[in-house]
1. Can you tell me which residue among H51, H104, H116, H92 is farther than 23 Å from K10 by Cβ and either more than 13 Å from the ligand (Cβ to nearest atom) or in contact (Cβ under 8 Å) with a residue 60 or more places away in the chain (or both)?
2. May I ask you to say which residue of T39, T48, T63, T77 is open to solvent by 50 Å² or more (accessible area, probe 1.4 Å) and among the β-branched types (V, I, T)?
3. Step by step: first the residues of segment 119-134, then only those that are part of a loop (DSSP other than H, G, I, E, B) and touching a residue at least 60 places away in the same chain (Cβ under 8 Å), then the one that is nearest to the ligand (Cβ to nearest atom). Which residue is that?
4. For segment 123-134, how many residues meet the condition of being surrounded by fewer than 15 Cβ atoms within 10 Å (Cβ to Cβ) and closer than 11 Å to Y49 by Cα?
5. Restricting to segment 54-75, count the residues that are small (G, A, S) and more than 14 Å from the ligand (Cβ to nearest atom).
6. Can you tell me which residue in segment 1-27 is farthest from K111 (Cα to Cα), limited to those that are of a type in the set (V, I, T) and surrounded by fewer than 18 Cβ atoms within 10 Å (Cβ to Cβ)?
7. If you scan segment 27-48, which residues turn out to be under 26 Å from D120 (Cα atoms) and either of a type in the set (S, T, Y) or more than 16 Å from the ligand (Cβ to nearest atom) (or both)?
Amino acid sequence: MRIAKGRAGKPSERRTDTFSGGVLADAVLPPADGIVVNTVVFEPGGRTYWHKHEVAQVLFVTTGEGRLQSADGTGGTLRPGDVAHIPAGEVHWHGAAPGSLLVHVAVSVGKTEWMHEVSDEEYAEAFADGPDAD
Ligand code: MN
């Protein structure tokens, strides 16, 4: 076993290659056994590229408002306290709402396969109906 103390002593990283907009990440647990844990801060409008996870990903939303969107057209609003499970192979993106930052802790298991950028049109469409009512 291992116990990582706080943010594992690594500096915050600005994510650019597979993210759009302002995105910062803190390593929470040094990667091992295919498990990566990061706290991710998205500025308003910030988001991942389209991607999928080899095994799974779990997102714990702690602050702000955002969205999880799947390529099959399903998706939902993310708010503090929400926990999302993304199964193996599901093509998706996650990110902040246009007018709010989003902070989530991401537990990623297995490799992440990155794809193309989420276009401004795809992003706008995901938020076109406004936040979920729940
Ligand atoms: Mn993901």
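1. On the way: H51 fails: farther than 23 Å from K10 by Cβ; H104 fails: farther than 23 Å from K10 by Cβ; H92 fails: either more than 13 Å from the ligand (Cβ to nearest atom) or in contact (Cβ under 8 Å) with a residue 60 or more places away in the chain (or both).
After applying the criteria, what remains is H116.
2. Working: T39 fails: open to solvent by 50 Å² or more (accessible area, probe 1.4 Å); T48 fails: open to solvent by 50 Å² or more (accessible area, probe 1.4 Å); T77 fails: open to solvent by 50 Å² or more (accessible area, probe 1.4 Å).
Result of the check over T39, T48, T63, T77: T63.
3. Looking only at segment 119-134, we keep the residues that are part of a loop (DSSP other than H, G, I, E, B), and these are 119, 127-134.
Remaining after also requiring touching a residue at least 60 places away in the same chain (Cβ under 8 Å): 127, 131.
On the way: F127: 18, P131: 20 Å.
Going through the qualifying residues, I end up with F127.
4. Step one: list which residues in segment 123-134 are surrounded by fewer than 15 Cβ atoms within 10 Å (Cβ to Cβ), which gives 124-125, 128-130, 132-134.
Imposing the further condition that a residue be closer than 11 Å to Y49 by Cα reduces the set to none.
Residues in segment 123-134 being surrounded by fewer than 15 Cβ atoms within 10 Å (Cβ to Cβ) and closer than 11 Å to Y49 by Cα: 0 in total.
5. Going through segment 54-75, the residues small (G, A, S) turn out to be 56, 64, 66, 70-71, 73, 75.
When the remaining residues are screened for being more than 14 Å from the ligand (Cβ to nearest atom), the result is 64, 73.
Residues meeting the conditions: 2.
6. Applying the first criterion (of a type in the set (V, I, T)) to segment 1-27 yields 3, 16, 18, 23.
Right, trim to surrounded by fewer than 18 Cβ atoms within 10 Å (Cβ to Cβ) and you get 3, 16, 18.
Working: I3: 22, T16: 18, T18: 14 Å.
Here the residue is I3.
7. So in segment 27-48, the residues under 26 Å from D120 (Cα atoms) come out as 38-48.
Hits for segment 27-48 are T39, E43, P44, G45, T48.
The values are calculated or read from the model by the stated rules, or taken from the named source; none is laboratory data. Worth saying up front: this structure is predicted, and the values here are computed from it rather than measured. Please note: Cβ atoms are built from the backbone with ideal geometry, for glycine as well, and neighbour counts cover all protein chains shown. Accessible surface is based on the protein model in full, side chains and every heavy atom, while ligands, DNA and RNA are left aside. Shrake-Rupley method; radii C 1.70, N 1.55, O 1.52, S 1.80 Å.
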